[in-house]
Amino acid sequence: MSFLKGSKLYSILHLKCPFCHEGDFFLSHPYDLSQVGDLYTACPVCHRKYEKEPGFYYGAMFVSYAIGIAFSLLCFGITWWFAPHLSIWGFMGVVVGLTILAAPYLYALSKIMWANMFFSYQGAGKGTPS
Ligand SMILES: [Zn+2]
């Protein structure tokens, strides 16, 4: 997957700094529920800030909503494919259950996708703290 380095997809899939693709974006793993979605204020490698303004990541709610819906539809489609005779409550249970299990990861994805909408790759060189 290193051929993707320099693209936004690399930063999103590896949960890395959108500027340098080297430093971690989140304080911990998405399933470390005590720190779910908590991110560094600046990249530990290039020291560029991850927040443009206070409340910057509220916009990630829109991304979270979109990928939550997309994930639910994907779960529904896969369930429909493998178990088409399941009752409506069976479908609901599978879709809701998988979406709840994926929620911490989807939350982390929404934040890094939001950051990648506004920040772009600038190489691994040291940025100036701003
Ligand atoms: Zn960085």
If you go through segment 30-64, how many residues are without any contact (Cβ under 8 Å) to a residue 24 or more places away in the chain and closer than 13 Å to A103 by Cα? 1
Taking P44 as meeting all but one of (1) part of a loop (DSSP other than H, G, I, E, B); (2) under 20 Å from the mean Cα position of the chain (by Cα); (3) more than 16 Å from the ligand (Cβ to nearest atom), write down the number of the exception. (3)
Checklist (1) in contact with a helix residue (DSSP H, G or I) (Cβ under 7 Å, 6 or more places away or on another chain); (2) modelled with pLDDT of 95 or more; (3) farther than 24 Å from I100 by Cα applied to D24, failing item: (1)
Would you confirm whether any residue within segment 5-26 is part of a helix (DSSP H, G or I), of a type in the set (V, I, T), more than 9 Å from the ligand (Cβ to nearest atom) and in contact (Cβ under 8 Å) with a residue 40 or more places away in the chain? yes
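If I filter segment 77-89 down to residues being part of a helix (DSSP H, G or I) and in contact with a helix residue (DSSP H, G or I) (Cβ under 8 Å, 6 or more places away or on another chain), which single residue comes out as nearest to S7 (Cα to Cα)? Can you show your working first?
At the first step, the residues of segment 77-89 found to be part of a helix (DSSP H, G or I) are 77-82, 88-89.
Checking the rest, the ones that are also in contact with a helix residue (DSSP H, G or I) (Cβ under 8 Å, 6 or more places away or on another chain) come to 79-80.
Working: T79: 32, W80: 34 Å.
If we take residues in segment 77-89 being part of a helix (DSSP H, G or I) and in contact with a helix residue (DSSP H, G or I) (Cβ under 8 Å, 6 or more places away or on another chain), then T79 is nearest to S7 (Cα to Cα).
Can you name the residue in segment 48-70 that is assigned to a loop (DSSP other than H, G, I, E, B) and crowded, with 17+ Cβ neighbours inside 10 Å and is also nearest to the ligand (Cβ to nearest atom) among such residues? Break it down stepwise before answering.
In the first step, residues of segment 48-70 are kept if they are assigned to a loop (DSSP other than H, G, I, E, B); the result is 48, 50-55.
Filter once more, so that each one left must be crowded, with 17+ Cβ neighbours inside 10 Å: 48, 50.
Working: R48: 6, Y50: 9 Å.
Residue satisfying both the conditions and the ranking: R48.
The values are calculated or read from the model by the stated rules, or taken from the named source; none is laboratory data. Predicted model only: the values in this text are computed from it and were never measured. All Cβ positions, even for glycine, are placed from backbone atoms using ideal geometry, and neighbour counts span all protein chains on display.
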